[in-house]
Amino acid sequence: MATETNNISDAISVIAQSADTVFILLGVIMVLAMHAGFAFLEVGTVRHKNQVNALVKILTDFAFSAIAYFVIGYQIAYGSHFFVSAETLGADNGYQLVKFFFLLTFAAAIPAIVSGGIAERGSFRPFLFASAMIVAFVYPLFEGIIWNGNYGFQTWLENQFGAQFHDFAGSVVVHAMGGWLAFVAIYLLGARRGRKPGIAFAPSNIPFLALGSWVLIVGWFGFNVMSAQTLDGISGLVAVNSLMAMVGGTVIALIVGKNDPGFIHNGPLAGLVAVCAGSDLMHPVGAFIVGGIAGGLFVWVYTKLQRSSKIDDVLGVWPLHGLCGVWGGIAAGIFGQQALGGLGGVSLMSQLVGSVAGVVVALMGGLIVYGMVNKISSLRLSQEHEFIGADLAIHKIGSTNSDK
């Protein structure tokens with residue numbers, strides 16, 4: 001009888017482990033698809049002469065990020081490596097491997113975010129190398145501090161303010177990090193030639209821009225919900241909060257952006273960025289407010305940036321990911337409180353300090369990596385190559401062919 005009970009218990013354990021593996025694998029697929037969203041959002045925004053380059057950058061950045069994270073980054077963040085036997089790696093239905101794959105899709109989002117900011121004048125190979133360096137060293141440093149408790153930072157926050165920094169799905173760890181890294185690169189590059197303050201280059205293809213937005217929106221529910229990483233941790237609250245933040249961002253971007261399709265399709269993304277951190281804590285009404293504020297913040301700051309002669313952020317990745325990500329980290333400490341309908345267990349001071357820490361790591365890491373790479377090989381395309389466009393200059397082909 002005891003043997004039969006043990007067999008049943010073992011079978012249940014195997015099924016549970018298999019279910020967790022399938023669960024997180026579905027998340028991997030959804031977040032991997034988001035990279036197509038990044039690609040088409042950029043393709044639809046840049047001019048025709050840079051569309052091929054936008055597509056190529058997202059795919060090659062992902063490939064180099066995968067190598068960097070596999071060899072170096074994951075070990076820095078979590079202290080685990082893959083240089084053991086396949087039998088060891090395949091234990092527990094390969095759950096740890098799929099978990100790595102899931103976290104890789106987050107890590108690779110960093111170069112995808114940067115790509116939109118430096119579009120149309122960033123040199124291809126230097127930025128590809130810089131992306132690998134960031135995913136190998138800069139991003140996993142902060143990722144490990146927040147999500148793995150490295151270096152005692154979370155313990156210190158808990159001792160000082162009563163709670164650790166809470167970032168369920170990466171408002172700060174992923175999005176703010178990517179946005180502020182992009183800010184450094186954008187500042188170092190300067191504005192595109194021919195761009196005049198107050199006069200923006202029109203998007204080349206609104207349908208592609210909209211397609212990119214929709215792919216990101218759908219994939220985001222894998223990004224947020226599957227951040228539980230196990231089936232027993234799944235929460236409908238995360239899904240509905242993500243929905244309400246997306247809706248809030250859309251509505252406010254529509255109103256503040258005065259029907260502009262670019263703002264309308266970025267508004268939901270701003271809301272989703274902001275809700276990542278506290279999506280497992282907030283009340284849906286709080287999530288709607290957080291998303292709405294993020295949508296308005298994006299439109300307001302991006303509009304202001306159009307008048308800048310130095311900060312030429314093509315897709316608005318700094319306000320979208322950098323600022324809305326920081327807002328999301330802080331908002332988790334506000335709307336996560338029980339007094340505002342949240343589940344509690346968070347500290348506003350911890351959220352403030354943790355968010356600022358993410359910005360500091362991104363700025364310092366960006367200055368080191370981009371500064372070093374720029375000394376080796378210029379981060380900026382030559383004047384001639386920028387004029388003819390990255391498609392012909394780098395890839396020797398245009399995005400369309402009208403030959404008959």
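The residue list H48, Q337, F223 was ranked by how far each Cα lies along the charge dipole of the chain toward its positive end, using unit charges on Cβ atoms, and H48 comes out on top. Rg then Dmax, both in Å and based on the Cα atoms of the chain: 21.3, 81.
If the only charges are +1 at each Lys and Arg Cβ and -1 at each Asp and Glu Cβ, what is the size of the charge dipole of the chain around the Cα centre, to the nearest 20 debye?
The dipole magnitude comes to about 1860 debye.
Mean residue ellipticity at 222 nm, helices only, the chain: -21500 deg cm²/dmol; runs of at least 4 DSSP H residues each add -39,500 (n - 2.57), and the sum is divided by the number of residues. Taking the alpha-carbon distance from K304 and a cut-off under 16 Å, which aspartates and glutamates remain once sequence neighbours fewer than 8 residues away in the same chain are dropped? Cα-Cα hits under 16 Å: D260, D312, D313.
Filter K196/K375; K57/K375; K57/K258; K99/K375; K99/K258; K258/K396 down to the pairs with a C-alpha to C-alpha distance above 30 Å, please. Result: K57/K258; K99/K375; K99/K258; K258/K396 exceed 30 Å.
Test of the criteria: in the stretch 47-110, which chymotrypsin sites (Phe, Trp or Tyr not before Pro) are in a DSSP loop and have at most 10 other Cβ atoms within 10 angstrom of their Cβ? Kindly include the intermediate steps, with their values, before the conclusion.
Details: sites: F62, F64, Y69, F70, Y74, Y78, F82, F83, Y95, F100, F101, F102, F106; in loops: F82, F83.
Sites meeting the loop and neighbour criteria: F83.
When D313, D232 are compared by accessible area of protein heavy atoms, the largest-first order is D232, D313, using a 1.4 Å probe. Converting phi to 3J(HN,Hα) with the Karplus coefficients 6.51, -1.76 and 1.60 and the offset θ = phi - 60°, the stretch 78-91 yields 10, x, 10, 9, 10, 8, 9, 5, 4, 4, 5, 5, x, 4 Hz in sequence order, with x at every glycine or proline. Inter-label distance, A339 to F82: 4.7 nm, where each label sits 7 Å from its Cα along the C-beta direction. Less than 5 angstrom separates the built amide H of R380 from those of S123, all sequence-distant by 5 or more or on a different chain. Relative contact order for the stretch 33-127: 38 percent, from Cα pairs under 8 Å spaced at least 6 residues apart, divided by residue count.
If only the Cβ of Lys and Arg carry +1 and only the Cβ of Asp and Glu carry -1, the dipole of the stretch 30-178 around its Cα centre is close to 580 debye. Measuring nothing but how far apart in sequence close Cα pairs (under 8 Å, 6+ apart) lie, relative to its length, the stretch 93-202 scores a relative contact order of 37 percent. Note on A16 and V356: the model spin-label points, each 7 Å out from Cα along the C-beta direction, lie 4.2 nm apart. In terms of its Cα atoms, the stretch 241-286 spans 32, 16, 12 Å along the principal axes, sorted from long to short. Across the chain, the mean sequence separation of Cα contacts (distance under 8 Å, 6 or more residues apart), normalised by length, yields a relative contact order of 24 percent.
The values are calculated or read from the model by the stated rules, or taken from the named source; none is laboratory data. These numbers come from a predicted model, not from an experiment. For neighbour counting, all protein chains shown are included, and Cβ atoms are generated from backbone atoms with ideal geometry for every residue, glycine included. Calculation scope for accessible area: heavy atoms of the full protein, side chains included, ligands and nucleic acids excluded. Shrake-Rupley method; radii C 1.70, N 1.55, O 1.52, S 1.80 Å.
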